[in-house]
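Asks: Mind having a look at this structure? Questions to follow.
The values are calculated or read from the model by the stated rules, or taken from the named source; none is laboratory data. Just so it is clear, the structure is predicted and the values come from calculations on it, not from any experiment. Cβ placement follows ideal geometry from the backbone for every residue including glycine, while neighbour counts extend to all protein chains displayed.
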Amino acid sequence: MTIPSHDNPTIQFSNWHTWADRNLLPDRHLPGVYLIARFHHASNLNLPADPLDENVIYIGEAADQMISRWRSFDNAVFGKVKNRRAKAYAERFADITASDLFLAIIGSSPLQWESGNTEDYAKQLSSQFRRPLEEIQEWLKYRETAASAEEKGVLNQAWVKFVERKLIFDYVRRWGKLPAGNSE
């Protein structure tokens, strides 16, 4: 299989969002990298998040849907799950309230590796496979939203993992320690 050669997408996070608003983020269904930060008095919510901000307590990735990872984090920190890992999180963040938590994301669409313009790409595939444009658009929408991580592609998965590891490495270089919620 030939993988198209495109430049790496820019690592640019969204603005900070309150933890309570996480289910409203438009790219929540995508794979991606996310930051969880603790601010007592958030002041720069209208600026793109800095992944190396000292208030970042977790840098995470989701090869499938970010929203499912946030649900696990929420369940662990706020004691809704009682397994060993969840108990450790609940103890580590015992003094955190949901109003202290903020989230920033960078979604990773599998289409970014195939084409910079989804409409042009759909037309190209429609012509190449001699299928109706509407059928191709539905398939692309499926790949974008409901497809499994495997269906979204190995290049997409590798990029998500690379970005997470790079940011953790850069954070450790800056602060001399991992974010409080990361264990490796």
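Asks: If you scan region 10-57, which residues turn out to be among the small types (Gly, Ala, Ser) and either loosely packed, with under 15 Cβ neighbours inside 10 Å or more than 21 Å from Trp159 (Cα to Cα) (or both)?
Replies: Ala20, Ala37, Ala42, Ser43, listed by residue number.
Asks: Quick one: in region 71-100, which of the residues that are of a type in the set (Asp, Glu) and exposed (fewer than 12 other Cβ atoms within 10 Å of the Cβ) is modelled with the highest pLDDT?
Replies: For region 71-100, the residue satisfying everything is Asp95.
Asks: A follow-up question, please. Regarding Asp27, is this residue free of Cβ contacts under 8 Å to residues at least 60 places away in the same chain and in a loop (DSSP other than H, G, I, E, B)?
Replies: Answer is no for this residue.
Asks: A further question on this structure: Tell me which residues, restricted to region 58-76, are in contact (Cβ under 8 Å) with a residue 24 or more places away in the chain and either under 19 Å from Trp159 (Cβ atoms) or aliphatic (A, V, I, L, M) (or both).
Replies: Passing the criteria: Ile59, Gly60, Glu61, Ala62, Ala63, Asp64, Gln65, Met66, Ile67, Arg69.
Asks: May I ask you to list the residues in region 50-78 that are within 19 Å of Lys177 (Cβ to Cβ), within 13 Å of the chain's Cα centre (by Cα) and not hydrophobic (A, V, I, L, M, F, W, C)?
Replies: Of everything in region 50-78, those that are within 19 Å of Lys177 (Cβ to Cβ), within 13 Å of the chain's Cα centre (by Cα) and not hydrophobic (A, V, I, L, M, F, W, C) turn out to be Pro51, Tyr58, Gly60.
Asks: Separate question: Sort out which residues of region 37-72 are farther than 19 Å from Asp170 by Cβ, assigned to a loop (DSSP other than H, G, I, E, B) and small (Gly, Ala, Ser), and write them in order of number.
Replies: Ala42, Ser43, Ala63
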